[in-house]
Amino acid sequence: MKSTSIRRISAVALALGLVATGCGSDEDGATGEPAATGARPGSDLQADEGSTEVDGPQPRLVVSDADSGRVDVLDLESGENIATFDVQEPSRLTDVGGRYAFATAAASSGEDGRVHVIDVGSWTIDHGDHTHSYVRSPAELGVLSGDDPAHIVAGDGKVAVFFDGEGEADVLDNSGLRNGDVTVTGTVETGGPHHGVVIPVSDHFVTSRPSGEADDSRPSSFELRDGGGEFVQEFTDFCPRMHGQAAFRTYAIAACDDGVFVASVADGQWISEKVGYPPGITAETRPSSFRTQDKLPVVVAPAGPAASNAGILLFDTATRQWSQIATPEPVLSVNLSGDGRNALAVLADRTFRVYDAATGEETGSSSVLAEPFDPSDRSATAPVVVVGGNRAYVADPAAEVVLEIDYRDGARVARTLDVGVAPASMTLAGF
């Protein structure tokens with residue numbers, strides 16, 4: 001259980017300097033297209049203390065090492081490592097707001113698990129007709145400690161960090177993060193330890209509940225709690241062996257063995273519903289995680305783990321419609337282009353594939369991995385793909401590189417970044 005002396009944040013006092021690099025756009029080094037209406041430095045917004053406004057996005061890539069607690073921040077114009085953090089254990093990275101990376105490490109040597117909050121130091125604010133981009137030096141803001149940290153969900157101006165061993169989530173506010181303040185503003189309890197989740201939506205929390213099954217820690221149902229964490233109502237639709245979720249402005253979704261659970265609010269009334277999977281999708285080929293893109297209703301997921309994979313699944317959360325894309329080899333990692341028009345996948349046969357999300361047609365392919373991946377090898381670190389601007393970034397742990405791919409140009413490999421570690425998890429910031 002969490003010790004009261006470490007339950008809250010261990011703040012890290014760091015002097016924040018400026019990063020003065022520019023963003024290039026040469027053919028093989030482009031990392032995204034700055035908006036044509038990008039703001040000029042010193043325009044209508046005041047920069048956060050310690051940061052400076054720049055002419056356009058200056059994106060950064062965050063990479064965690066599969067074999068140590070090392071987390072690197074790379075400037076994507078130069079490809080250079082501009083900051084390294086030691087988070088003590090191999091960690092999974094979660095992007096929050098296109099600016100922060102939450103590095104989650106499992107418990108080790110009888111100690112609590114940890115979530116290190118890192119300000120990557122590059123972000124862009126979109127005002128619709130124009131954008132503002134800012135940079136500062138990367139910095140670790142603080143550490144959350146507790147029993148078996150797991151799912152981290154951002155939504156509704158908050159971040160909920162769930163601790164499986166306690167069955168509760170610590171909640172942070174985005175406004176505090178912007179000021180470098182990672183104080184826990186609230187705790188949401190869920191009824192007992194389990195591999196669960198708390199999803200912030202529309203001034204409420206959609207929270208999982210333990211199934212009560214001794215041999216399975218995954219939840220089977222959800223309830224609603226208010227902004228203070230108090231119980232509001234149960235949802236009538238069940239979600240057996242829930243794993244995988246996504247948050248939107250007025251609704252949340254979660255993957256279950258028998259379909260997708262949807263909790264939504266309209267005119268102050270909360271309801272739930274269940275949307276079945278496409279024909280042929282079973283408990284072995286269902287999604288167990290979702291990838292999203294900002295402001296898009298479509299989510300994408302592998303159709304099951306690599307060992308039993310059945311291609312790519314796309315779910316339009318607005319229309320509740322599924323589509324499925326068949327792939328020639330098992331999918332290891334999948335993502336969406338920023339406009340939602342393309343599904344991007346790394347397959348076990350070493351290839352990176354681009355598919356038209358509407359038709360399922362393959363529009364590009366290239367060889368990206370140094371060697372084929374064996375889905376039956378559970379000890380191997382699987383490749384992952386993240387997307388920013390007009391580029392995808394594929395981690396090849398075996399070769400200790402990250403490949404930058406122009407997915408709009410036949411999946412052309414534009415650049416290879418030698419990161420010097422086995423990249424296990426990645427996030428992007430600054431777009």
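The values are calculated or read from the model by the stated rules, or taken from the named source; none is laboratory data. All of these numbers come straight from a predicted model, not from anything done at the bench. Note that each Cβ is placed from the backbone with ideal geometry, even for glycine, and that neighbours are counted across all protein chains shown.
Output the residue which, of all residues in the range 303-326 that are under 19 Å from D349 (Cβ atoms) and of a type outside the set (G, A, S), is surrounded by the fewest Cβ atoms within 10 Å (Cβ to Cβ).
P305
If only one of G165, G98 is outside any strand (DSSP E or B), touching a residue at least 40 places away in the same chain (Cβ under 8 Å) and crowded, with 20+ Cβ neighbours inside 10 Å, which one is it?
G98
Quick check, is E140 in a strand (DSSP E or B), among the charged types (D, E, K, R) and in contact (Cβ under 8 Å) with a residue 40 or more places away in the chain?
Judged against the criteria, E140 is a match.
For the range 179-202, which residues satisfy the criterion of being modelled with pLDDT under 95 and charged (D, E, K, R)?
D181
As an exercise: evaluate V300 against (1) more than 23 Å from V171 (Cα to Cα); (2) surrounded by 14 or more Cβ atoms within 10 Å (Cβ to Cβ); (3) out of contact with any Lys or Arg (no Cβ under 6 Å at 6 or more places or on another chain) and give the number of the one condition it does not meet.
For V300, the failing item is (3).
Anything in the range 195-210 that is crowded, with 22+ Cβ neighbours inside 10 Å and either on the phi > 0 side of the Ramachandran plot or among the polar types (S, T, N, Q) (or both)? List them, or say none.
Matches in the range 195-210: T207, S208.
Can you find, within the range 204-254, the residue that is farthest from G167 (Cα to Cα) among those that are without any contact (Cβ under 8 Å) to a residue 60 or more places away in the chain, outside any loop (DSSP other than H, G, I, E, B) and of a type in the set (G, A, S)?
Per the criteria, the residue is A254.
So, E329, is that one surrounded by 15 or more Cβ atoms within 10 Å (Cβ to Cβ), among the acidic types (D, E) and more than 24 Å from P375 (Cα to Cα) or not?
No: the conditions fail for E329.
Any chance the range 140-151 includes a residue that's among the polar types (S, T, N, Q), within 30 Å of Y251 (Cβ to Cβ) and surrounded by fewer than 24 Cβ atoms within 10 Å (Cβ to Cβ)?
no
Specify the residue that is surrounded by the fewest Cβ atoms within 10 Å (Cβ to Cβ); the eligible residues are those in the range 399-431 that are assigned to a strand (DSSP E or B) and among the acidic types (D, E).
Among them, the one singled out is D418.
Quick one: would you say A307 is at pLDDT below 95 and either of a type outside the set (V, I, T) or in a strand (DSSP E or B) (or both)?
Answer is yes for this residue.
Restricting the search to the range 351-398, which residues are in a loop (DSSP other than H, G, I, E, B), crowded, with 19+ Cβ neighbours inside 10 Å and either among the hydroxyl-bearing types (S, T, Y) or not assigned by TED's automatic domain parsing to the domain that holds A307 (or both)?
Scanning the range 351-398 gives a single hit, T381.
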